[in-house]
Amino acid sequence: MDLDPALQTFYVESREILEEVEDILLRLGQEDEASQKESLNAIFRAAHTIKGSAGLFKLQNIVIFTHVVESLLDQMRESEISIDDDIIALLLKCGDHIGELVTLVQQNNADLPPDLKESGEVLLAQLKQYSGVSVFEVKESIKNNNGKESNQKKSWHISLRFGCNVLREGMDPLSFVRYLETLGEIENIVTLDDALPRLVDFDPESCYLGLEIKFKTQVDKQSIEDAFKFIQEDSTITILSPGSRVSDYLKLIDEMPEENQRLGDVLVQCGSLTAAELAAAWPQPNIKVALNKQDRVRMPVVQETRSMRVDAGKLDEHINLVGELVIASAGAALRAQEMGDTTLNELSSILTRLVEEVRDSALHLRMIQVGPTFNKFQRIVHDMSKDLGKEIEMVISGADTDLDKTVIEKISDPLTHLIRNSVDHGIESPVEREEKNKPRKGKLYLSAYHDSGCVVIEVADDGNGLNRDRILSKAKEKGLVREDQKLMDKDIDNLIFEPGFSTADKVTNISGRGVGMDVVKRNIEELRGTIELDSRPGEGSTFRIRLPLTLAIIDGFLVNVENSSFVIPLEMVHECVELNGVNCKIDTDRNYVNLRGEILPFIRLRALFSTGGVAPKRENVVIVNYAGVKAGLVVDNLMGEFQTVIKPLGEIFSHVPGLGGSSILGNGEVALILDVPGLVNRVSSMENFSIQSAV
């Protein structure tokens, strides 16, 4: 059933998570103490993710069982329960049981089979022996809670015209019919294909189907409407209740796009109307009205945009080939320059320009709008605010901002965690807001925009803001901060990104166990991005995520230090000047340059990366700008602009500060790509430390 894409995502992600948990559990007994602690944190986060997502969809069987498992894992993390083979075997069985519960929900089966119910009760009893945690009356909670309906079934009529984009959005029209069969009995169904265009205008990705259904069921109208809630905006759905008058059916005939006599015959064929009722109420069809309705159906077909789906794997392969082409083109240009052949240089220049156009075109294919990803959070905010008794309005802006599809896929989970925390911890209840002279309804802002060659995604709320005193107290309690240590406000705020850190007193199905914020930061850094936090006590908080436009190919600026080559992302290069030049004066004692009256800190790459050698008499400083903060990078030589294909660093270099990747030059040598955000933050930290020390 593909009625809810968000629920489908839950199915897929839950299975992936359970597979990862099984792998971790199988090697848990052979790990040392430090590795076991990290593994338990990973398993705990996995269980919390499944429980939180299931809670949003009201899947109580999964929520209750996973909560008990999570409580046991929490005690294991605190070393209250030791790890042994028996407990690992129990956790493996629990993972299997959660997988079976997910499968049961996916099959739209609300009843627990007797064997699954019994095995769940056995596992809950075993878990209780270890943790002593109550199962919250599990026997009553996992029973089938469907209300008892009257045995008397009544006949309804459903008129359905699928929206043109139903297939593009991943919906299967047949799945809705199958879902109706789970609610009752389809007595008659007639398929309408009157909207089909001519063959030359036919689009295989557009839906032209209509259905007239006579449906017998004991459920109410709301239950029938809920079956179509995910296509209500784009489709035309009319549900006529039992006992509807003939005039209601005539109104339906007039509103539908098909020719009146044709639709009248269809209703008779379904059994919803008799031929006598139709003839008595509507003796003669209006031919002119019928023709006008047919024209309205066919007109939009000509205006549709032609498109074609491309497999994501093929697109990734295409980008990789373009990357290799960029490297080969750079090698050819370098060789042509060395030979000094004018004609060859001209041809090489043309080739380079064409490769740049192919590169830009290929990267554009991978750019998609962030809107669809943003929109899926609407329901999360709606359901969570309802569960928590809060009134929250979500405001989305910049939905048309383009971003690499790979980045969008990987940013979804961090955004989910940030939004959950804003709803659960950030925005106050309506009563609290009124006491603070705030509107009862809180605001949650999700926005995206371009800035200095990056995409910035902001999650902001008008809630409480961070309680820094409480954060600092909890940090000292957990041993993250010494009792005599003094921290700046920004450093206190960043403590929430520590693993397992939480100030919540109450554990809920959504959050409250200190899960997620460390994962958010880690996932964003893996995308070569950064996350910034701006909190205003009593006014709200803003999480600002900066991400590169693409992870594949960038324009770079090549510099040289001794025998080492480095690439700086071109969009972050502000200007280049000579060190100790006319417009640049240097303070060697404090590592500052005076650039036309502007005081900027700098870093010598020679010292940072220990390249060795002696600095030349004439050095250059590259002024970089990231998030409005400027800093200088002192280098030996400026080599000019360079198309850079980003290659990941080997594991041995992956944690070296200041490096974000590598690239291959045209001569076959390796150049290191500088992590400008990391270097700027490093300079800022050194500056803050100097100021704090001076004070």
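Before moving on, here are some points about what is shown:
- From phi via Karplus (6.51, -1.76, 1.60), per-residue ³J(HN,Hα) for the range 352-362 in Hz, x at Gly/Pro: 4, 5, 5, 5, 4, 5, 4, 4, 4, 5, 5
- For the range 607-678, the set of GluC sites (Glu not before Pro) satisfying both a DSSP loop assignment and a count of at most 11 other C-beta atoms within 10 Å is given as E651, E669.
- Sorted by Cβ neighbour density within 10 Å, fewest at the top, the residues K128, K617, K314: K617, K314, K128
- Taking the average, over residues, of other Cβ atoms within 10 Å as the packing measure, peptides 258-270, 415-427 rank 415-427, 258-270 from highest down.
- Net +/- balance of residues flanking D493 in space, Cβ distance below 9 Å, scoring K and R +1, D and E -1: -1
- By other beta-carbon atoms within 10 Å, ranking K37, K51, K436 with the fewest at the front produces K436, K37, K51.
- Amide hydrogen neighbours beyond the local backbone of R604, cut-off 5 Å, H modeled: V634
- Cut-off under 5 Å, modelled amide H: who pairs with D172 long-range: D2
- Highest-first arrangement of 65-71, 320-326, where packing means the average Cβ count within 10 Å: 65-71, 320-326
- 3J(HN,Hα) couplings calculated from phi for the range 456-462 with the Karplus curve 6.51 cos²θ - 1.76 cosθ + 1.60 (θ = phi - 60°) are, in sequence order, 9, 10, 10, 10, 10, 9, 9 Hz; Gly and Pro show x.
- Evaluated at q = 0.16, 0.18 Å⁻¹: base-10 log I(q)/I(0), Debye formula over Cα of the range 407-472: -0.67, -0.79
- Out-of-range pairs (alpha-carbon distance over 26 Å; input K441/K486; K117/K214; K37/K128; K443/K490): K441/K486; K117/K214
- Using θ = phi - 60° and Karplus 6.51 cos²θ - 1.76 cosθ + 1.60, couplings along the range 59-76 (whole Hz; Gly, Pro as x): 8, 5, 4, 6, 4, 5, 5, 5, 5, 5, 4, 4, 5, 5, 4, 4, 5, 5
- Global size of the range 358-436 as Cα Rg and Dmax, reported in angstrom: 16.4, 59
- Evaluated at q = 0.29 Å⁻¹: base-10 log I(q)/I(0), Debye formula over Cα of the range 184-224: -0.98
- Net charge contributed by nearby residues that have their C-beta within less than 10 Å of P537 (K/R +1, D/E -1): -1
- Listed pairs K390/K410; K521/K630; K386/K438 exceeding 26 Å between Cα atoms: K390/K410
- Whole-angstrom gap from the range 525-568 to the range 361-433, using each part's C-alpha centre: 21
- Applying the criteria of a DSSP loop state and at most 16 other Cβ atoms within 10 Å to the chymotrypsin sites (Phe, Trp or Tyr not before Pro) of the range 597-675 yields F653.
- Listed by Cβ neighbour count within 10 Å, with the fewest neighbours leading, M367, M256, M488 appear as M488, M367, M256.
- Taken about its Cα centre, the range 5-141 carries a charge dipole of about 500 debye when Lys and Arg each add +1 at the Cβ and Asp and Glu each add -1 at the Cβ.
- Farthest positive-ward along the range 370-548 dipole, Cα basis, beta-carbon charges - from H417, S535, A460: H417
Since every read-out is calculated from the coordinates, none of them should be taken as a lab result. Source: prediction; values computed, not measured. We place every Cβ from the backbone using ideal geometry, glycine too, and count neighbours over all the protein chains shown.
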